[in-house]
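Written below as structure tokens is the structure these notes are about.
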Amino acid sequence: GKHLTTNYVGSNISNYDSILVLSHFKGHPMGGFGGSLKNISIGIASSFGKAVIHGAGIPEKIWTADHDKFLESMADAALSIVDYFKNKIVYINVMKNMSVDCDCCAVAEDPCIKDIGVLISLDPVAIDKACVDLVYNCDDPRKGHLIERIESRNGTLTIDAAAKLNVGSKEYELIDIDK
């Protein structure tokens, strides 16, 4: 990747030949939003790996690294997971009970936008891009709070960086099966 040359993950990853990534899409205090890319980077990383990603390759800078480099490092880590599992990953993003905060926050804000639905993809970049686009394009008048969180943290940089690394594509087609 751009900042990481090694990704440190949980030791049991070698026990699996495929992975199902189930993500609660919502805002995030550092990443702007959390979805599939965040979960295959930070979510799969070991404790040390989380520090390396947050520190953009320098674990001692876990909370002081350049913010954009941290976002790009998530894309770097995601690349290693996609390369490891090849085409044996399915991504599900659940767009319900969306708050500006992550489920990992001790006290997350209440949901701030109406439920949109569930997306499924074989591409982590496309699914996260589709989720962000759905938030921007929904008719919920309360969406501004989540959009402000995404924009104030430069959240879409992770999508852009992952696309540049060929983790996936920002192009997608939505197929509605709820008919």
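The values are calculated or read from the model by the stated rules, or taken from the named source; none is laboratory data. Bear in mind that the values here come from a model prediction, so they are computed numbers and not experimental data. Every residue, glycine as well, gets a Cβ built from its backbone with ideal geometry; the counts of neighbours run over all protein chains shown. The protein model used for the area step is the full one, side chains on, heavy atoms only, and it has no ligands, DNA or RNA in it. Shrake-Rupley method; radii C 1.70, N 1.55, O 1.52, S 1.80 Å.
Miscellaneous remarks
- Selection from Pro141, Ile92, Cys104, by position along the positive dipole direction of the stretch 62-155 (Cβ): Ile92
- Probe 1.4 Å, all protein chains present, accessible-area order of Val82, Val107, largest first: Val107, Val82
- Val9 long-range amide H proximity, modeled H, under 5 Å: Ser46
- Summarising the label geometry, the points placed 7 Å from Cα in the beta-carbon direction at Ile13 and Asn166 lie 2.0 nm from one another.
- Based on the Stokes-Einstein relation at 25 °C and a viscosity of 0.890 mPa s, and on the Kirkwood radius from alpha carbon pairs, the stretch 53-179 is assigned a translational diffusion coefficient of 155 µm²/s.
- Looking at the stretch 30-179, the accessible area is 50 square angstrom per residue; that uses a 1.4 Å probe and ignores ligands, DNA and RNA.
- Annotation: for a label point projected 7 angstrom from Cα along Cα→Cβ of Cys104, residues of the stretch 6-21 with backbone N closer than 17 Å are 7-11, 21.
- In sequence order, calculated HN-Hα J values of the stretch 14-20 (Karplus, 6.51, -1.76, 1.60; Hz; x Gly/Pro): 5, 7, 10, 10, 8, 8, 10
- Violating pairs (Cα-Cα greater than 27 angstrom) within the set Lys69/Lys114; Lys143/Lys170; Lys86/Lys164; Lys2/Lys143; Lys38/Lys143: Lys69/Lys114; Lys2/Lys143
- Measuring nothing but alpha carbons in the stretch 121-179 and taking Rh as the Kirkwood radius, the Rg to Rh ratio lands at 1.01.
- Cα→Cβ-extended label distance, 7 Å offset, between Met30 and His145, nm: 2.4 nm
- Amide H contacts under 5 Å for His24: Val94, restricted to partners 5 or more places along the chain or on a different chain, H placed in the peptide plane at 1.01 Å from N.
- Summing charges over all other residues whose Cβ lies under 12 Å from the Cβ of Asp140, with Lys and Arg as +1 and Asp and Glu as -1, gives +1.
- Net lengthening on full extension, Lys86/Ile62 (0.36 nm per residue, minus Cα-Cα): 5.7 nm
- Projecting the Cα atoms of Pro29, Asn39, His54 onto the dipole axis of the stretch 24-105, where Lys and Arg carry +1 and Asp and Glu carry -1 at the beta carbon, places Asn39 farthest toward the positive end.
- Cut-off 11 Å (backbone N to label point 7 Å along Cα→Cβ of Leu20), residues of the stretch 91-122: 91-92
- The share of accessible area on the stretch 11-140 that comes from carbon and sulfur is 55 percent, using a 1.4 angstrom probe.
- Only protein heavy atoms count here; on that basis, with a 1.4 Å probe, Thr5 has an accessible area of about 140 Å².
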